[in-house]
Every structure is written in structure tokens, then in C-alpha cells.
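Some notes on the structure that comes next.
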Amino acid sequence: MAIMAAATVATVVARPLSLTLVSRRRSRWGFSPLAYSSSSSSSSSSTRKLVLYSKSGCCLCDGLKEKLQAAFLLSGPDSLHDVDLQVRDITTNPEWEKSYQYEIPVLARVLSDGTEEALPRLSPRIGVELIQKKIAAALRQ
């Protein structure tokens, strides 16, 4: 997976075959195999949303980001193509940093009322297909 130097990344929204980058902070990572689209092109009809709390230099976070990218590309009954994924760098917000500094990566689903519910921690050894199934099951709840 290629790294984009000087990419400005605070938010990544996954779409079928695209990722949207929105930024407030410089980061050393980025998803290059997919096309990038502007945040204005994001679909308002998508109701399934996830948030990944992470920070630059966290190897567990980087590993989960790579597996999530692969899981979002898989098709089938547990497809995640209509799920928005927002990656939040905890170092950009003191509240996030205080809450998650010892817990990252934290994956949370956004409920219909806008609140967030943390999902059970995913093992760094878990396969992409199982990540897809676990996330799809959590989003059905």
C-alpha cells in the first residue's frame, strides 16, 4: 500500500471504489489504490456510518485501516459499500485524545440519533472477510 507524503487527512469516507478525504491536519498515511472524490459528492442516502478513532504512527490503527479498506471492497451479502467510514485523528481534539489515548484503534457505529456506540475491539489477527461480517452484523443491530 503506497503512502502519500504530505497528504492532509483527518477524515476518510469509504465509498464503493472511492475514498473521500477531508482535512484539517497533515498526516503521513493515505489510501492510494482508490480514486478520491470530494466530500460534496457523498451520498445523503447512506444511513450506515462508522467512525474510526486513531492517530498517526499507531501500527494497530494503520493495520486496521488497511483491513477496513479491503473489507469495504468485498461484495456479497455482508457488503459494506453503502457505509460511510470517517477516520478521526485523536490528536486533533482534546476530548477524543482523553477518551481514546490508551484504547485506539476504536471503531464506533453512528446511531440514527447521531450518538456513537463503540464496537467490540477487533483482533489485529482477524481476517478481512471476518471483519466485513462482524461490521455488517453490528450495523444490523
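Looking across region 69-103, just one residue is assigned to a loop (DSSP other than H, G, I, E, B), surrounded by fewer than 20 Cβ atoms within 10 Å (Cβ to Cβ) and among the aliphatic types (A, V, I, L, M), and that is Leu74. All conditions in (1) at pLDDT below 95; (2) in contact with a Ser or Thr (Cβ under 9 Å, 6 or more places away or on another chain) hold for Ser123, with the sole exception of (2).
Report whether or not Gln86 is modelled with pLDDT of 90 or more, closer than 22 Å to Leu139 by Cα and either out of contact with any helix residue (DSSP H, G or I) (no Cβ under 6 Å at 6 or more places or on another chain) or not β-branched (Val, Ile, Thr) (or both). So Gln86 passes the test. Looking only at residues in region 52-64 that are surrounded by 15 or more Cβ atoms within 10 Å (Cβ to Cβ), of a type outside the set (Gly, Ala, Ser) and touching a residue at least 40 places away in the same chain (Cβ under 8 Å), the one that is nearest to Leu107 (Cα to Cα) is Leu52. Only a single item in (1) under 14 Å from Ala137 (Cα atoms); (2) surrounded by 12 or more Cβ atoms within 10 Å (Cβ to Cβ) is not met by Pro120, and it is number (2).
The values are calculated or read from the model by the stated rules, or taken from the named source; none is laboratory data. These numbers were taken from a predicted model, which means no experiment stands behind them. As a convention, Cβ positions derive from the backbone with ideal geometry for all residues, glycine included, and neighbour counts pool all protein chains shown.
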